[in-house]
Amino acid sequence: MGYSVAEIIKASGKKVYKTQIINDRGIHICKSMLAWEKYGQGETPQSTGLKGDKLVGNYYVKFDQEYKKEIAQLVAKGKDIEDAKKTAPILLEAKKMLLKWEAGDEATVTLWKTMNQWVYKGFDESYAALGVNFDTNYYESNTYLLGKEVVAQGLEKGIFYKKEDGSVWIDLTDEGLDEKIVLRADGTAVYMTQDIGTAIQRIKDFPDIRGLVYTVGNEQDYHFKVLFLILKKMGYDWAKNLHHLSYGMVDLPEGKMKSREGTVVDADDLMMEMTTTAGDISQELGKLDGYSDKEKSKLYKTIGLGALKYFILKVDPKKRILFDPRESIDFNGNTGPFIQYTYARIQSILRKANFDTKHDVVTSILHPKEKELIKLLQNYPTVIQNAADNLSPALIANYTYELVKGYNSFYQSVPIFGADNENDKDTRVQISYMVGNVIKSSFLLLGIKVPDRM
RNA sequence: GCCCUCGUAGUUCAACGGAUAGAAUAAAAGUUUCCUAAACUUUAGAUCUAGGUUCGAUUCCUAGCGAGGGUACCA
């Protein structure tokens, strides 16, 4: 989604830096590290054959399970539940570990580096498979200190205030919001602290940036509202150009996905599954004579990924997406493969027509379907602009779908090679060529490839 | 409790306050001596409820009902 929005904004004529913010430090990381130390018995991605991010994620889940067990035990002993949540031994240990990490403890930092490397390697594999890339990476382990610094400045300026226990807060009740913590009592940074630091660092590194777009799920609406307000109050003039592109989360039929509880659909598995389905359908149809196995598997990937990406990008980003893993994503109807198929048919025509795209066509009387298509083609630049203004890949997807539907209808009812005269034929091939170009271009904006055959 | 989203055919999605609310899918029927039938054509089916603003409301406002999220010294 972020990738697509970046491409769309670029296409609208702006310069974009695609940035990934990696939250590589904090209590959540310590939780995984601690669980691995306690229960991991030296497991590594090599020893288990698991992707690194998957392995570390498993220990994040493991921590949560143990944590919940301890809470239950404490409650059974008569402790108050809120109290139990705060005093569970494993949580205290994680907190201690975070302190050690911020103090630069060698063993902790070494373990941290090792486990992070596993995660990054796993991420890289997934991004490569998805066809997504970034211009720059920000590691919050590098920016949280700046965040703490800024909090100290803000404290002096009176934007923040200190409570008795030493924790630092901002009071936003005047803005209709609540109080929000920006630094823990033990002096360690929270999520907000790092985000403050990261934002400022990004502007420092790229002074030509006019604004930032955060592509983050809508469960964090409140967080970003507060973050932007803090930055405004700190007096940064770029703070007025901050956007939270808040997308609806993907829901499973049984509810929200939670990485902490391990109730997630693995992106890698999903990509694999889609590719397999694409292959099954393709083999059934059997239109790929002359393609090598290598070409075929590449094509299946293009189709499978296309179906997956289109499924996500075609709906308004703000909406929640309901995804039932038991019902696989469609390949017919308003789908990626439907559009890819049309593109492939157009390429087939162009191959057979042997057409010089540069030469002018003399048009006589246009068929109504042709007129419609030409009108649609003319809208393309406006649609891009609109999609950029609204940060909405869905507008591109819907437009492309409409164009393709129009083309298929035209293809069905108007003969191309069987046209009455050369002029008509040329016109129709030319239109096909242009439609093909727009499909390719718009799908590029969605990060989806188009096949020459399928 | 407080705050924020959302509520449209059986289902998944469209519709910058404008005409007869569009698609897909599922259901029913049809199209292949012709350029790829992963296609095309046709039929049936929907704006949560009650008020209000407006010449005009799916869209804006109020209330209710329903769903989800947030409000953590988690991220």
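Given a Förster distance of 22 Å, report the FRET efficiency between A:LYS256 and A:LYS85 from their Cβ-Cβ distance, rounded to the nearest 0.05. Present the calculation step by step, with values, prior to reporting the outcome.
Working: r = 20 Å, r/R0 = 0.92.
Efficiency computed from Cβ-Cβ geometry: 0.60.
Compute log10 of I(q)/I(0) for the range A:147-262 with the Debye formula, placing one identical point scatterer on every Cα and leaving out solvent, at q = 0.12, 0.17, 0.22 Å⁻¹, to two decimals.
-0.50, -0.91, -1.27
With an 8 Å cut-off on Cα pairs and a minimum separation of 6 or more residues, tell me the relative contact order of the range A:190-270 in percent.
On the way: 62 pairs, mean separation 24.4, N = 81.
It rounds to 30 percent for the range A:190-270.
Whenever you get a sec, line up A:VAL315, A:VAL119, A:VAL429 from highest to lowest accessible area (probe 1.4 Å, protein heavy atoms). Don't skip to the end; give the middle numbers.
Numbers: A:VAL315 50, A:VAL119 25, A:VAL429 0 Å².
The ranking, largest first, comes out as A:VAL315, A:VAL119, A:VAL429.
Using only the alpha-carbon atoms, how far is helix A:336-353 inclined from the longest principal axis of chain A? Give it as 0 to 90 degrees, nearest 10.
30 degrees
Tell me the relative contact order for chain A as a rounded percent, counting alpha carbon contacts under 8 Å between residues six or more apart. The partial results should precede the final answer.
Details: 571 pairs, mean separation 73.4, N = 454.
Worked out over chain A, it gives 16 percent.
With a 1.4 Å probe and all protein chains left in place, how much accessible area per residue does chain A have, in Å²?
Working: 23730 Å² over 454 residues.
Accessible area per residue: 52 Å².
Work out how much length A:LEU99 to A:LYS163 would gain on full extension: take 0.36 nm times their residue separation and subtract the Cα-Cα distance, in nm to one decimal.
Working: separation 64, 0.36 × 64 = 23.04 nm, distance 1.99 nm.
My answer for the length gained is 21.1 nm.
So in chain A, what percent of DSSP beta bridges are antiparallel if you round to the nearest 5? Before the final figure, lay out the partial values.
On the way: 10 of 22 bridges.
Percent antiparallel among DSSP bridges in chain A is about 45.
Given the rule -39500 (n - 2.57) for each run of at least 4 DSSP H residues, summed and divided by the residues of chain A, what is its mean residue ellipticity at 222 nm, to the nearest 500 deg cm²/dmol?
On the way: 16 runs with 270 residues, N = 454.
So the calculated ellipticity at 222 nm is -20000 deg cm²/dmol.
Angle between the Cα long axis of helix A:106-130 and the longest principal axis of chain A, 0 to 90 degrees, nearest 10?
Helix A:106-130 sits at roughly 10 degrees to that axis.
Select from the range A:1-75 those chymotrypsin sites (Phe, Trp or Tyr not before Pro) which occupy a DSSP coil region and have at most 15 other Cβ atoms within 10 Å, ordered by residue number.
Numbers: sites: A:TYR3, A:TYR17, A:TRP36, A:TYR39, A:TYR59, A:TYR60, A:PHE63, A:TYR67; in loops: A:TYR17.
In loop regions of the range A:1-75 (DSSP not H, G, I, E or B), the sparsely surrounded chymotrypsin sites (Phe, Trp or Tyr not before Pro) are A:TYR17.
Counting only DSSP beta bridges with both residues in the range A:169-315, what percent are antiparallel, rounded to the nearest 5?
Working: 7 of 13 bridges.
Around 55 percent of the beta bridges assigned by DSSP in the range A:169-315 are antiparallel ones.
Assuming R0 = 45 Å, what is the FRET efficiency of A:SER348 and A:ARG210, from their Cβ-Cβ distance, to the nearest 0.05? Intermediate values should be presented prior to the final figure.
On the way: r = 45 Å, r/R0 = 0.99.
So, using R0 = 45 Å, E works out to roughly 0.50.
Are there any GluC sites (Glu not before Pro) in the range A:176-268 that are in a DSSP loop and have at most 13 other Cβ atoms within 10 Å? List them by number.
Sparse-neighbourhood loop GluC sites (Glu not before Pro): A:GLU254, A:GLU261.
Which links in A:LYS369/A:LYS440; A:LYS100/A:LYS148; A:LYS96/A:LYS148; A:LYS69/A:LYS148; A:LYS121/A:LYS225; A:LYS180/A:LYS232 stretch past 23 Å when you go from one Cα to the other? Please report the intermediate quantities before stating the final value.
On the way: A:LYS369/A:LYS440 21 Å; A:LYS100/A:LYS148 17 Å; A:LYS96/A:LYS148 19 Å; A:LYS69/A:LYS148 34 Å; A:LYS121/A:LYS225 32 Å; A:LYS180/A:LYS232 15 Å.
The pairs that break the limit, which is 23 Å between Cα atoms, are A:LYS69/A:LYS148; A:LYS121/A:LYS225.
Relative contact order for the range A:309-454: what is it in percent, counting Cα pairs under 8 Å that are at least 6 residues apart? Could the numbers behind the result be given before it?
Numbers: 140 pairs, mean separation 60.8, N = 146.
Value for the range A:309-454: 42 percent.
On a 0 to 90° scale, report how tilted helix A:267-285 is relative to the longest principal axis of chain A, with both axes built from alpha carbons and the result rounded to the nearest 10.
The two axes meet at around 20 degrees.
So, by mean Cβ neighbours within 10 angstrom, what's the order for A:69-81, A:131-143 with the highest one leading? Walk me through the intermediate numbers first.
Numbers: A:69-81: 12.9, A:131-143: 16.5.
Descending packing order for the listed peptides: A:131-143, A:69-81.
In whole percent, how big is the carbon plus sulfur part of the accessible area of chain A, probe 1.4 Å, protein atoms only? Working shown, then result.
Details: 12120 of 23730 Å².
Answer for chain A is 51 percent, counting heavy atoms of protein chains only.
Can you bin the range A:267-445 into rounded, prolate or oblate? Criterion: square roots of the alpha carbon gyration tensor eigenvalues sorted a ≥ b ≥ c, rounded for a/c under 1.5, prolate for a/b above b/c, oblate for the rest.
Numbers: a/c = 2.41, a/b = 1.38, b/c = 1.75.
The shape class here is oblate.
Roughly how many Å is it from the Cα centre of the range A:328-348 to that of the range A:22-49, as a whole number?
With the range A:328-348 and the range A:22-49 each reduced to a Cα centre, they are spaced 42 Å.
The values are calculated or read from the model by the stated rules, or taken from the named source; none is laboratory data. Since this is a predicted model, take the numbers as computed values, not measurements. Positions of Cβ are backbone-derived with ideal geometry, glycine not excepted, and every protein chain shown enters the neighbour counts. In case anyone asks, the SASA skips ligands and DNA or RNA and just uses the protein heavy atoms, side chains included. Shrake-Rupley method; radii C 1.70, N 1.55, O 1.52, S 1.80 Å.
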